[in-house]
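Asks: Below is the structure I would like to discuss, written out as structure tokens.
The values are calculated or read from the model by the stated rules, or taken from the named source; none is laboratory data. Note that the coordinates shown come from a computational prediction; the quantities given were computed from them, not determined experimentally. So basically every Cβ, Gly included, is an ideal-geometry build from the backbone, and we count neighbours across all protein chains shown. Ligands, DNA and RNA are excluded from the accessible area calculation, which covers all protein heavy atoms including side chains. Shrake-Rupley method; radii C 1.70, N 1.55, O 1.52, S 1.80 Å.
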Amino acid sequence: MTDPVSPPASDAAAPLQFDQADYTEPPPAPRCTACERPIASTYYEVNSHLLCPSCRESVEASLTGGSKSKRFLKASLFGFGAAVAGALVYFLVSLTGYNIGLIAVLVGWMVGTAVFKGSEGRGGWFYQLVAVVLTYLSVAASLAPDVYKGFQEQYGESAQVAAPTGGTVAEAPDAEEVAEVPNTPGAAVFITGMISLAAPVLVGMESPLSGLIYGFALYEAWRRNKKAVLNIAGPFKLADASGAEAPVEQERSVG
């Protein structure tokens with residue numbers, strides 16, 4: 001009967017090591033932030049994000065070229081649609097009996113986002129101005145139903161319009177100096193529209209809190225269309241790609 005063979009002394013005496021990791025495979029290559037594919041060798045840093053060469057070209061091309069008029073038209077249409085939707089949301093909420101002024105901030109966000117998307121992510125002071133104007137008009141339109149209701153309650157079937165016949169503006173008009181204009185639906189809508197254009201300012205003067213909320217809404221629309229700028233640095237080589245590194249271009253800004 002043969003005795004079992006003992007393992008070699010060197011293997012039996014070898015201590016187990018837990019303080020040092022032995023890698024059998026190289027660490028995974030970094031991935032492109034845009035396409036999420038592994039970067040083979042060369043990469044760029046765009047606003048602190050790693051991009052492969054093809055994605056860097058696509059991102060840079062998105063901020064150059066194209067039709068300005070087409071972008072303006074698309075941004076205006078997108079913003080107008082968001083402004084109409086925001087005014088409708090404000091009106092529907094008001095039908096419930098609640099008057100939530102913070103919805104105006106939501107309107108600013110909606111319009112600002114829509115304009116920025118329509119501008120193909122360019123942004124800039126021109127699109128900021130478009131977003132602010134559309135947001136203001138949306139807020140004014142949301143106040144129009146209240147303006148129309150107040151107009152009807154005050155004037156009823158006819159609207160009195162001061163028509164001086166010789167007195168000064170400081171003097172109160174006499175009965176003969178006041179003309180009554182029939183309060184037809186067309187006239188009521190026209191006058192309501194004129195008053196509604198100034199309604200956000202008038203409401204803000206009467207209620208500073210509401211004016212502050214409207215200001216936040218306009219600021220949100222302005223902020224979301226800040227001009228997009230790309231800071232591009234590279235190309236760079238991965239450390240283990242080759243012995244020689246690619247020449248580093250000077251960092252530049254696009255946009």
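Asks: Those residues that are farther than 26 Å from SER67 by Cβ and among the aromatic types (Phe, Trp, Tyr), I need them from the stretch 82-125; list them, please.
Replies: Matches in the stretch 82-125: TYR90, PHE91, TYR98, TRP109.
Asks: Looking for something hydroxyl-bearing (Ser, Thr, Tyr) and modelled with pLDDT under 75 - is there at least one such residue anywhere in the stretch 146-156?
Replies: Checking the stretch 146-156: at least one residue is hydroxyl-bearing (Ser, Thr, Tyr) and modelled with pLDDT under 75.
Asks: If you don't mind, there's one more thing I want to ask. Considering only the stretch 48-81, state which residues are over 19 Å from GLN128 (Cβ atoms) and buried (at least 17 other Cβ atoms within 10 Å of the Cβ).
Replies: Once the filter is applied, which keeps residues that are over 19 Å from GLN128 (Cβ atoms) and buried (at least 17 other Cβ atoms within 10 Å of the Cβ), the stretch 48-81 yields LEU50, LEU51, CYS52, CYS55, ARG56, VAL59, GLU60.
Asks: Give the residue that is farthest from LYS227 (Cα to Cα), with candidates limited to residues of the stretch 100-113 that are outside any helix (DSSP H, G or I) and among the hydrophobic types (A, V, I, L, M, F, W, C).
Replies: If we take residues in the stretch 100-113 being outside any helix (DSSP H, G or I) and among the hydrophobic types (A, V, I, L, M, F, W, C), then ILE100 is farthest from LYS227 (Cα to Cα).
Asks: Can you confirm whether VAL84 is assigned to a helix (DSSP H, G or I), at pLDDT below 85, aliphatic (A, V, I, L, M) and under 20 Å from the mean Cα position of the chain (by Cα)?
Replies: no
Asks: Among the candidates SER58, SER67, SER54, SER142, which residue alone is in contact with a helix residue (DSSP H, G or I) (Cβ under 7 Å, 6 or more places away or on another chain), without any contact (Cβ under 8 Å) to a residue 60 or more places away in the chain and polar (S, T, N, Q)?
Replies: None of the others qualify; the one that does is SER142.
Asks: Among the residues of the stretch 114-130, how many are farther than 10 Å from ALA75 by Cα and in a helix (DSSP H, G or I)?
Replies: Total meeting the criteria: 4.
Asks: Looking only at the stretch 173-194, decide whether some residue is part of a helix (DSSP H, G or I), open to solvent by 90 Å² or more (accessible area, probe 1.4 Å), among the charged types (D, E, K, R) and at pLDDT 80 or above.
Replies: Within the stretch 173-194, none of the residues are part of a helix (DSSP H, G or I), open to solvent by 90 Å² or more (accessible area, probe 1.4 Å), among the charged types (D, E, K, R) and at pLDDT 80 or above.
Asks: Please enumerate the residues belonging to the stretch 95-138 that are among the hydrophobic types (A, V, I, L, M, F, W, C) and either touching a His at 6+ places or on another chain (Cβ under 6 Å) or open to solvent by less than 10 Å² (accessible area, probe 1.4 Å) (or both).
Replies: ALA104, VAL107, VAL111, VAL115, ALA131
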